[in-house]
1. With LEU230, LEU172, LEU165 as the choices, which residue is of a type in the set (A, V, I, L, M) and over 16 Å from GLN96 (Cβ atoms)?
2. Quick one: would you say LEU164 is within 16 Å of ligand 1 (Cβ to nearest atom), within 19 Å of the chain's Cα centre (by Cα), closer than 15 Å to ILE54 by Cα and buried (at least 19 other Cβ atoms within 10 Å of the Cβ)?
3. Of the conditions (1) more than 27 Å from GLY59 (Cβ to Cβ); (2) part of a loop (DSSP other than H, G, I, E, B); (3) away from ligand 2 (no atom under 16 Å from the Cβ), LEU172 fails just one. Which one is it?
4. Has the stretch 28-41 got any residue that is near ligand 1 (Cβ under 10 Å from one of its atoms) and touching a residue at least 40 places away in the same chain (Cβ under 8 Å)?
5. Given the residues GLN96, GLN130, GLN147, which is the only one that is more than 24 Å from LEU40 (Cβ to Cβ), in contact with an Asp or Glu (Cβ under 9 Å, 6 or more places away or on another chain) and of a type outside the set (Phe, Trp, Tyr)?
6. Name every residue in the stretch 32-54 that is touching a Gly at 6+ places or on another chain (Cβ under 6 Å) and more than 14 Å from ligand 2 (Cβ to nearest atom), in order of residue number.
7. Just checking: which of the helices (runs of 4 or more DSSP H) contained wholly in the stretch 47-137 hold 2 or more residues that are within 17 Å of the chain's Cα centre (by Cα)?
8. So is ARG185 away from ligand 2 (no atom under 16 Å from the Cβ) and either touching a residue at least 12 places away in the same chain (Cβ under 8 Å) or surrounded by fewer than 23 Cβ atoms within 10 Å (Cβ to Cβ) (or both) or not?
Amino acid sequence: MADVQANKAPLLEVSGLVAGYGGASILNGVSFTLSAGASLALLGRNGAGKSTLIASIMGLTERHAGRVLLSGVDVTGLRPDQRATHAAGAVGWVPQERNIFKSLTVEENLTAIARPGPWTVARVFQLFPQLEGRRNNLGSQLSGGEQQLLAIGRALMLNPALLLLDEPLEGLAPLIAAQVLEVVRRLIRDEGLSAIVVEQHARKVLEITDQAIILERGGIVHAASSIDLLRRPDELDAHLGVGGR
Ligand code: ATP
Ligand code: MG
């Protein structure tokens, strides 16, 4: 089919990635692509290598083989900060441990690593009204849920082409978790932001993403559209246990 899109490089291409820590490989040849505007659920049990894959996309692990391309540009040799601000597609990363700046205020957290673009402090406050009321509070004074919102807001201030969210709902009370999930849904569905969302609660994230991959022992054991995987409780059960919760 003569399709303009067909000639366009995907936003993210991970090919044959072997990576890990201290000489040991955790990822054993991971390959997948993500188109601009698409979202991916990254699933797998504890220790499967989800965070290692996210960290490897950022360039934070030891790479033994394989490549990472952003919009067709090979960024494999680039440092994490260079990937975070790359012209071919800045990558915003919300790590599993959130690591916001605890000794800076909410507003300082947002402006510390900003890049110009549609996301501004005002727009982040529009998305997270409860952060606005706390703009002069220190990061350390926020609740876990507020810290998660701030971590997402801070990543948005990079005006990323790709957002990486590592277990954004982990450790949050149900009401706050629901609010964070709704924010992620809006970013993906309404704002059209490309994102990879790591989640233990498979069903929740499958409902808001386009594609899904399941990792097991550092390799992809299942790849499908999110909607198809939602209809496969057997696959969810086999790879994640208890119907993916
Ligand atoms: P979880 O759901 O618990 O967050 P995960 O799928 O994110 O798990 P990873 O954190 O990527 O899994 O861990 C994969 C493997 O890599 C595990 O065996 C873990 O012990 C190991 N690992 C993770 N981080 C490091 C590190 N900094 N140094 C050495 N080994 C690590
Ligand atoms: Mg993890």
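1. Matching residue, one of LEU230, LEU172, LEU165: LEU230.
2. It is true that LEU164 is within 16 Å of ligand 1 (Cβ to nearest atom), within 19 Å of the chain's Cα centre (by Cα), closer than 15 Å to ILE54 by Cα and buried (at least 19 other Cβ atoms within 10 Å of the Cβ).
3. All conditions pass for LEU172, except number (3).
4. Taking every residue of the stretch 28-41 in turn, none turns out to be near ligand 1 (Cβ under 10 Å from one of its atoms) and touching a residue at least 40 places away in the same chain (Cβ under 8 Å).
5. Being more than 24 Å from LEU40 (Cβ to Cβ), in contact with an Asp or Glu (Cβ under 9 Å, 6 or more places away or on another chain) and of a type outside the set (Phe, Trp, Tyr) holds for just one of GLN96, GLN130, GLN147, which is GLN130.
6. Within the stretch 32-54, just GLY37 meets the criteria.
7. 50-58, 80-84
8. yes
Readers should treat all values here as calculations from the given coordinates under stated rules, not as data from a laboratory. Note that the structure is predicted; figures quoted are calculated from it, not measured. Neighbour counts are summed over all protein chains in view; Cβ atoms, including those assigned to glycine, are modelled from backbone coordinates with ideal geometry.
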